[in-house]
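Shown next, in structure tokens, is the structure this report addresses.
The values are calculated or read from the model by the stated rules, or taken from the named source; none is laboratory data. Just so you know, these numbers come straight off a predicted model, no measurement behind them. As a convention, Cβ positions derive from the backbone with ideal geometry for all residues, glycine included, and neighbour counts pool all protein chains shown.
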Amino acid sequence: MTRQNELIFQQGSSAAEIALLCRGKMQLAGRTSLGQRLLLRFVRSGELLGTASLAGRPRYAVCALAFEEAQVRFIHHENLDRLCASYPPVAKVLIGQLAAAQYRVCRQVGRLAGANARERVVQLLLSLCEAYGYEAEEGSWQVDLRLTESVLGEMIGLSRATISRELSRLRREELIERTGQTIMIQDKHELKRIISSL
């Protein structure tokens, strides 16, 4: 069992295995050449981590950290090769996850390119709602993650102060509610309208 905030693998460490997240949530993060930490995304149970190593990268491109208590199983590349050869459906699932990861990156880059701080925050909230949200009340959606302003900023390259300002503005406009680290989206349609031109 992996404890909350426990490091699963480090950016730049040798990558001879991929990891299957069996239970819980993980966060994938990396550092830029200037040392800035960027939180790339959260990983849910059933997803694979470290898959870039399958493309011939000898080292992990990011680090993986347990967001909550989790269960992880590591699969050595050689064992994965044998598994895919013996059970072709496994290879199909793997290809699907790799394609989904590439699509997420392309979509995120496309939407954030040229977007201002408000648009970045709105896009992030909608993405989190899509991946981790549930309808709490009619028309209102709660994001099932407890995220600090610093963590939100790391996900889209904004400072904590900028995130705080933009969230406060959205609260004043009654588009979201925030209690502690819990985010409730009050008007999903209006948030989508804000980024409809992206």
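Among the residues examined, ARG107 qualifies as at pLDDT below 90 and assigned to a helix (DSSP H, G or I). If you filter the range 162-198 down to residues that are touching a helix residue (DSSP H, G or I) at 6+ places or on another chain (Cβ under 7 Å), of a type outside the set (A, V, I, L, M, F, W, C) and closer than 12 Å to GLU149 by Cα, you find that the one that is modelled with the lowest pLDDT is ARG178.
Checking LEU145, LEU128, LEU124 one by one, the residue that is in the same structural domain as THR179 (by TED's automatic domain parsing), part of a loop (DSSP other than H, G, I, E, B) and on the phi < 0 side of the Ramachandran plot is LEU145 and no other. Taken over the range 71-87, the criterion of being in a strand (DSSP E or B) and aliphatic (A, V, I, L, M) is satisfied by VAL72, ILE75.
Applying the criterion of being part of a strand (DSSP E or B) and within 12 Å of the chain's Cα centre (by Cα) to the residues of the range 45-65, the residue that is surrounded by the most Cβ atoms within 10 Å (Cβ to Cβ) is ALA64. Taking the conditions (1) within 25 Å of GLY24 (Cβ to Cβ); (2) in the same structural domain as THR32 (by TED's automatic domain parsing) in turn, GLY153 satisfies each one other than (2). Of the residues that make up the range 100-119, is at least one surrounded by 19 or more Cβ atoms within 10 Å (Cβ to Cβ) and either of a type in the set (Lys, Arg) or touching a Leu at 6+ places or on another chain (Cβ under 7 Å) (or both)? So far as the range 100-119 goes, no, none of its residues is surrounded by 19 or more Cβ atoms within 10 Å (Cβ to Cβ) and either of a type in the set (Lys, Arg) or touching a Leu at 6+ places or on another chain (Cβ under 7 Å) (or both). Just one of (1) assigned to a helix (DSSP H, G or I); (2) loosely packed, with under 13 Cβ neighbours inside 10 Å; (3) not basic (Lys, Arg) trips up LEU94, so point out which. (2) is the only condition that LEU94 fails. Residues of the range 148-198 that are in a helix (DSSP H, G or I), loosely packed, with under 13 Cβ neighbours inside 10 Å and in contact (Cβ under 8 Å) with a residue 24 or more places away in the chain: LYS192 alone. Taking the stated definitions as given, is ARG104 touching a residue at least 40 places away in the same chain (Cβ under 8 Å) and in the same structural domain as GLU68 (by TED's automatic domain parsing)? The answer is yes for ARG104.
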